[in-house]
Amino acid sequence: VEDVQSIVEAPPEGLVVLDIRTPEEFAAGHLAGAINIDYYAADFEQQLGELAHDVPYVMYCNSGNRSSNALPVMDSIGFEEVYELDGGIQAWFGAGLPIEQ
C-alpha cells in the first residue's frame, strides 16, 4: 500500500489510476482520479487495448484477486509500466487512506 500511496501522491507524468471493479463498487468509493473499466465486462481486454500503453498505471480491484489476474493480460497486450495495489482498495481503506465517491 505504501508503494502505491507514494506513486499516487507524487505521480509520474501521465499516471493513470485504473479501478477494475464493477461500476457499482466504483460508485461506492475509489481512489482520486481513477478511471473504471469493469474486469467482468465481456470487452475488458478490448477496453484495456484502447488505453495508452506507454504511460504508467496503478491498477486495483477490491482485494487484489482481479488485479493479479489482469496483470498478465496487460503485459500481453503491451503495457510497459503497471503497479498493482496489493490487497486492493480494502487494504487502501484499511490503512486509513482517502477515497472519493
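What about Val1, is it over 19 Å from Ile77 (Cα atoms), open to solvent by 10 Å² or more (accessible area, probe 1.4 Å) and among the hydrophobic types (A, V, I, L, M, F, W, C)?
yes
Looking at this structure, is Asp54 among the charged types (D, E, K, R), surrounded by 14 or more Cβ atoms within 10 Å (Cβ to Cβ) and touching a residue at least 12 places away in the same chain (Cβ under 8 Å)?
no
Kindly list the number of the only condition in (1) touching a helix residue (DSSP H, G or I) at 6+ places or on another chain (Cβ under 7 Å); (2) among the hydroxyl-bearing types (Ser, Thr, Tyr); (3) open to solvent by less than 20 Å² (accessible area, probe 1.4 Å) that fails for Ser63.
(3)
Every residue in the range 41-69 that is aliphatic (A, V, I, L, M) and either in contact with a Lys or Arg (Cβ under 6 Å, 6 or more places away or on another chain) or over 19 Å from Trp92 (Cα atoms) (or both), please.
Initially, the range 41-69 is screened for residues aliphatic (A, V, I, L, M), giving 41-42, 48, 51-52, 55, 58-59.
Passing the criteria: Ala41, Ala42, Leu48, Leu51, Ala52, Val55.
Report the residue count in the range 53-87 for those that are in a helix (DSSP H, G or I) and of a type outside the set (A, V, I, L, M).
8
Tell me which residues, restricted to the range 12-46, are touching a helix residue (DSSP H, G or I) at 6+ places or on another chain (Cβ under 8 Å), open to solvent by 20 Å² or more (accessible area, probe 1.4 Å) and of a type in the set (A, V, I, L, M, F, W, C).
Leu15, Ala32, Ala41, listed by residue number.
For residues that are over 14 Å from Val1 (Cβ atoms) and surrounded by 11 or more Cβ atoms within 10 Å (Cβ to Cβ), tally how many sit in the range 66-101.
13
The values are calculated or read from the model by the stated rules, or taken from the named source; none is laboratory data. Here the structure is a predicted model, which is why all the values come from computation and not from measurement. No Cβ is skipped: glycine too gets one built from the backbone with ideal geometry, and neighbour counts run over all protein chains shown. With ligands, DNA and RNA removed, areas are computed over all heavy atoms of the protein, side chains included. Shrake-Rupley method; radii C 1.70, N 1.55, O 1.52, S 1.80 Å.
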